[in-house]
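In what follows, a structure is listed as structure tokens, so that the remarks can point back to it.
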Amino acid sequence: MNRVFQSIAMQQIPVHQHDPKQVDGKIYVRLTEGHYQRIRRAISGSLMLMFFLTAWINLDGQQIVLFDFFSRRLHLFGMLLSPKDIYLLAGFMIIGAILLFALASAYSRVWCGFACPQSIWTWVFIRIETITEGRRNNRIKDDKKGWNPGKLTRRIAKHSLWALFATLTSMTFIGYFVPIREIASDIISLNLSLEMFSWILIFALLTYVNAGLVREKVCAHMCPYARFQSVMFDPDTRTISYDVDRGEPRHKNRSSNEGGDCIDCKLCVHVCPTGIDIRQGLQSDCITCGACIDACDDVMTRMRRPTGLIRFVSENQEQGKASPVLRPRIWAYIASIVLISGYLIWAFANKEALIMDVIRDRQTLYVTNGAGEVCNEYKLIIENVSVTATDFALTLDNSLLRLEGKSGLDLQPGQRNELNYRVCAPTTADTALIPRKINFTASSSDGQWQQMSSFIMPQQRR
Ligand code: SF4
Ligand code: SF4
């Protein structure tokens, strides 16, 4: 059995410490090109574009994604969700978690390498670093030299671009909680509140530190997913592996046909964003970005040797056994996702357009008025959680009862009203016909909503 898989079988994913000499105490990432980098850039580019653009899209004058904390509402693609709809959001999160399990079972940490925001932003910051300070070797040389005007200019350019990108990220992120057009117009008119300025600064700093300075340490030490990912692996999970049998013994003589295929060029290490040497075996710090595969495939192509010295491979594939990606476990994940999605579609289609609550005044059991009626007092909380302005008519379900208060309500989308009402019954009425439980009914052209409450009369009248 390949040494890599011996280690998987024996200890799941071994943790190898970085060798400081191997990375000079600091990770200088070299950008590479290739099949997996093209896929990674297509995925991360699309997600990043989605992040930056979605906040600017309006539907009927309303931002299509807005988590409005102040009014405790979530505007989501033309729908209005209230705290009562939190289970729908929980459904999305469960689908996300199952998707993550399915991806991890099929292709180990591809989520981390190809789609996680921490990785996406880190790659952008590395790209900026490469543009401003040059390629890996130049950066290493620059760091060894003392300060000079050229180095100072390069550093200022890098940190300025990092800061600019971090600020744009922060503004966009906050734009999902406060309407982004308001933020933009406040910035343009130099009218930004101190509170908003502080939030933008805090999130910009977090982005700058995470993607620019801390980078792989977030994945290695802060991300909980890295710690439990190995429990989702099985012998059919594709992991990034170095073919020890083919690559060893390494040799630096490129023209020699003796020894293994690895020419110990260390390109696979130089392109690794977490600074590990995959030739030491699968490691918990590997985020499955595929950069080492692309770098090594390029070397093998130039050496006129078959590619795939580093590749995605499962333990069963390595042993020559059948190893389908779509196996029962993955089908179970897919079935769960389909079921939960089906439920969510149904729940969204049948989502209430109105939230109504009736609270009976508990201070006073009842009052009598000058017209010879017994009255109870109520507070009605009514909220239009649809995306259209709606007229509601408020009625009671018993003709002997009289509703005192505003019966016609015109509510804008998201509008919430708290109104006081009195319900009165004539003392002369046949008390057997006065129910103890009464229903408040709000009707509109879209339907009817009812809320029950109690109605109390003097005992002797019952
Ligand atoms: S890139 Fe390939 S050939 Fe070069 S050191 Fe890594 S495994 Fe060996
Ligand atoms: S070992 Fe390879 S796949 Fe893993 S993080 Fe490094 S470059 Fe990416």
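The values are calculated or read from the model by the stated rules, or taken from the named source; none is laboratory data. Model, not experiment: these values are computed from the prediction. Here the Cβ positions follow ideal geometry from the backbone for every residue, glycine too, while neighbour counts run over all protein chains shown. Accessible surface areas use protein heavy atoms only, side chains included; no ligands, DNA or RNA. Shrake-Rupley method; radii C 1.70, N 1.55, O 1.52, S 1.80 Å.
For the reader, a short list of remarks on this structure follows.
- Flag if residue 109 is away from ligand 1 (no atom under 16 Å from the Cβ) and more than 21 Å from residue 314 (Cβ to Cβ): no
- Restricting the stretch 18-69 to residues that are among the small types (Gly, Ala, Ser) and surrounded by fewer than 17 Cβ atoms within 10 Å (Cβ to Cβ), the residue that is modelled with the lowest pLDDT is 25.
- Within the stretch 287-305, the residues that satisfy the criterion of being under 22 Å from residue 112 (Cα atoms), within 12 Å of ligand 1 (Cβ to nearest atom) and open to solvent by less than 20 Å² (accessible area, probe 1.4 Å) are 291, 292, 293, 294, 295, 296.
- Selection of the stretch 378-413 for residues being surrounded by 19 or more Cβ atoms within 10 Å (Cβ to Cβ) and under 26 Å from residue 428 (Cα atoms) yields 378, 394, 401.
- Each residue in the stretch 248-279 was checked for being crowded, with 18+ Cβ neighbours inside 10 Å and either within 14 Å of ligand 2 (Cβ to nearest atom) or without any contact (Cβ under 8 Å) to a residue 40 or more places away in the chain (or both), and 13 of them qualify.
- Note on the stretch 297-340: residues that are within 16 Å of ligand 2 (Cβ to nearest atom) and touching a residue at least 40 places away in the same chain (Cβ under 8 Å) total 9.
- Condition met for residue 202 (under 20 Å from the mean Cα position of the chain (by Cα), more than 30 Å from residue 270 (Cβ to Cβ) and surrounded by fewer than 14 Cβ atoms within 10 Å (Cβ to Cβ)): yes
- The numbered conditions (1) modelled with pLDDT under 95; (2) open to solvent by 30 Å² or more (accessible area, probe 1.4 Å); (3) within 30 Å of residue 228 (Cβ to Cβ) are all true for residue 112 except (2).
- Among (1) aromatic (Phe, Trp, Tyr); (2) open to solvent by 60 Å² or more (accessible area, probe 1.4 Å); (3) not in a helix (DSSP H, G or I), the one test that residue 176 misses: (2)
- Residue in the stretch 208-226 that is modelled with pLDDT under 90, open to solvent by less than 20 Å² (accessible area, probe 1.4 Å) and more than 29 Å from residue 157 (Cα to Cα) present: yes
- Members of the stretch 143-167 found to be of a type in the set (Ser, Thr, Tyr) and over 28 Å from the mean Cα position of the chain (by Cα), listed by number: 153
- No other residue among 370, 308 is of a type outside the set (A, V, I, L, M, F, W, C) and within 16 Å of ligand 1 (Cβ to nearest atom) apart from 308.
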